[in-house]
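A quick write-up on the structure given underneath.
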Amino acid sequence: MLREELVTFATALEGWKLGVMVLGGLLAYRMYWTWKMRLSVPSVGVPRGPLGSWRAAITWVLGSETFLRAGFSTYGPLGRPFKVSALQRWYLCITSPASIKELRALDDVPGVFSLLEAIKDITQLEHTVHPDIIKDPYHIDIIKHKMTNRLTTILPAIVEEIVDTFEGNTDIGEEWGAVDYAKVLERCIMRTTNRMFVGTPLCRNQALLDDIMEYINKTSVAGEIISLFPAVLRPVVKKCVISTNKVLQRIIDVIAPEFERRLLRIREEGDAWTDRPDDLIQWIIAYCPPHSTTRDMCWRVLAMNFAAIHTSLLAAKHLLLDLASAPDLHAELRAELDTVIARHGWTKQGLSMLKKLDSVLRESQRLNSITITALWRKALVDYTFADGTQVPAGTIVIVPSSAIHHSPLHYDAPEVFDGLKWARLRENEALRSSYQVVKTADDYLPFGHGKHACPGRFFAANELKVLMAYVLGKYEVRLGAGGRGTNVYFSLFACVPDEKAVVEFRKRPEGELEAVRGVFADSKDRVG
């Protein structure tokens with residue numbers, strides 16, 4: 001096959017020859033798509049001159065948020081679209097509320113726009129993870145029908161893992177002291193998420209979790225690079241920019257035996273096995289296509305980690321920094337914790353009643369969205385929006401969600417962190433179920449919106465609420481010298497907080513909150 005031959009050929013080439021060939025291919029590819037995807041809308045951030053779009057594309061990698069905010073500030077009030085230049089392609093940004101609604105409505109019209117095709121082009125999951133992730137995304141059904149329904153029963157396990165992980169990775173005393181917040185939160189999110197995915201004891205295997213994190217980090221960067229090149233060259237480029245065989249094999253060596261053990265029990269006991277684990281491994285066994293191998297099933301676990309970890313981790317980091325930046329909110333949040341938990345306990349219903357904590361999380365996500373663009377869609381055919389915007393087939397359409405979240409067109413004082421804003425709005429009985437962190441809208445898009453809104457947001461929100469309830473219930477927290485720091489924005493994807501920001505903790509002089517004393521203490525006793 002041509003692709004296999006190209007890979008063999010690439011490995012035999014001297015480095016400089018491959019570099020020249022790749023650079024030439026990239027230039028030709030970009031010129032072809034620039035010609036083919038002629039977008040008759042204004043461009044943003046492109047300096048004058050014949051190489052202006054290239055210069056803008058290079059700046060885009062870490063300057064994307066600047067471009068998107070400038071574009072929305074200029075064209076958003078007019079409801080007009082604009083385009084931005086990335087190394088791979090031009091992106092068409094729509095700003096009009098009517099066009100955003102029209103784009104979402106087309107999700108119900110087959111063959112016009114595709115989320116999966118946009119994800120495929122942008123993330124290159126078929127090369128960085130596995131082609132079947134795009135061809136047969138049955139894991140989405142698992143999230144919608146299994147994971148979300150298990151929120152009530154998984155809460156004790158989430159508490160257990162948060163306590164053990166946080167206390168096992170910190171040494172917080174009576175005096176203020178700095179904590180490596182990024183490392184601690186990474187381990188908390190990895191453990192709690194994989195408690196749902198692979199269960200115990202695998203979720204506590206730190207070597208496994210470190211390998212999964214290494215794999216996620218490598219593939220995230222590699223996907224951006226691979227997408228620069230024509231499809232025929234991507235297997236070659238993958239060989240050059242990513243080397244995951246060893247870490248991947250270590251992961252499979254640990255997870256595959258658990259799949260095999262459970263498959264054996266199913267074959268031997270059938271319906272007599274009534275106490276089956278209720279986790280991702282078991283759901284994959286139930287949902288996977290016939291003749292799937294254990295290696296195929298392990299790929300699906302990795303895909304779920306790829307989708308869940310970075311988003312939850314970024315949200316957790318931003319939330320902790322925002323809470324540490326707003327000590328005036330802590331007393332109200334703690335009072336709510338004690339009142340609500342005394343009445344409802346640590347249940348799904350109880351967490352849903354933590355309106356003030358939910359409000360802080362929503363406001364944190366508004367100002368520091370886990371992704372800075374939303375509603376990715378690839379045009380499968382030529383399409384013309386109702387406002388006359390022409391979209392050639394192959395164009396990727398995006399919505400500049402972070403720019404919307406920071407726009408005075410949609411929010412009063414948009415740059416101010418007002419943690420209790422949404423809780424105040426929900427005091428109106430008519431808005432009681434509105435403005436929750438998981439409630440998406442055309443002007444609130446951290447999780448997307450509509451038919452394809454992130455189905456894992458319900459689990460993530462509860463995970464973060466439990467984590468911050470634990471922190472507020474046991475400790476005082478504040479920012480050290482230097483404050484919150486500055487976010488870094490990467491391409492279409494991420495708003496990354498300053499991991500060098502100093503976050504200080506100490507035990508609460510008044511002792512633990514009554515609401516958390518019993519449940520977290522009991523949880524600690526159960527961990528072994």
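Residues of segment 140-167 being open to solvent by less than 50 Å² (accessible area, probe 1.4 Å) and under 25 Å from L248 (Cβ atoms), which ones?
I142, I143, M147, E161, T165
Kindly indicate the residue of segment 440-455 that is part of a loop (DSSP other than H, G, I, E, B) and in contact with a helix residue (DSSP H, G or I) (Cβ under 9 Å, 6 or more places away or on another chain) and also surrounded by the fewest Cβ atoms within 10 Å (Cβ to Cβ) among those meeting that condition.
Among them, the one singled out is D443.
Give the residues of segment 421-439 that are in a loop (DSSP other than H, G, I, E, B) and either open to solvent by 20 Å² or more (accessible area, probe 1.4 Å) or in contact with a Cys (Cβ under 7 Å, 6 or more places away or on another chain) (or both), sorted by residue number.
Residues satisfying the conditions are E427, N428, R432, S433, S434, Y435, Q436, V438, K439.
Filter segment 456-500 down to the residues that are closer than 24 Å to L375 by Cβ and among the β-branched types (V, I, T), then identify the one that is surrounded by the fewest Cβ atoms within 10 Å (Cβ to Cβ).
This residue is V488.
Would you call F306 surrounded by fewer than 19 Cβ atoms within 10 Å (Cβ to Cβ) and of a type in the set (F, W, Y)?
For F306, the condition - surrounded by fewer than 19 Cβ atoms within 10 Å (Cβ to Cβ) and of a type in the set (F, W, Y) - is not met.
I'm trying to understand the selection: among the residues of segment 425-438, which are of a type outside the set (A, V, I, L, M) and touching a residue at least 60 places away in the same chain (Cβ under 8 Å)?
R426, Y435, Q436
I'd like to check which helices (runs of 4 or more DSSP H) are fully inside segment 38-139 and have at least 3 residues that are more than 24 Å from S227 (Cα to Cα), open to solvent by 30 Å² or more (accessible area, probe 1.4 Å) and without any contact (Cβ under 8 Å) to a residue 60 or more places away in the chain.
52-75
Taking the options M213, M196, name whichever one is under 23 Å from V471 (Cβ atoms), at pLDDT below 95 and surrounded by fewer than 20 Cβ atoms within 10 Å (Cβ to Cβ).
M213
The values are calculated or read from the model by the stated rules, or taken from the named source; none is laboratory data. These figures come from a predicted structure and were not determined experimentally. In this analysis, Cβ positions are derived from the backbone assuming ideal geometry, glycine residues included, and neighbour counts consider all displayed protein chains. For accessibility, only protein heavy atoms count, side chains too; no ligands or nucleic acids. Shrake-Rupley method; radii C 1.70, N 1.55, O 1.52, S 1.80 Å.
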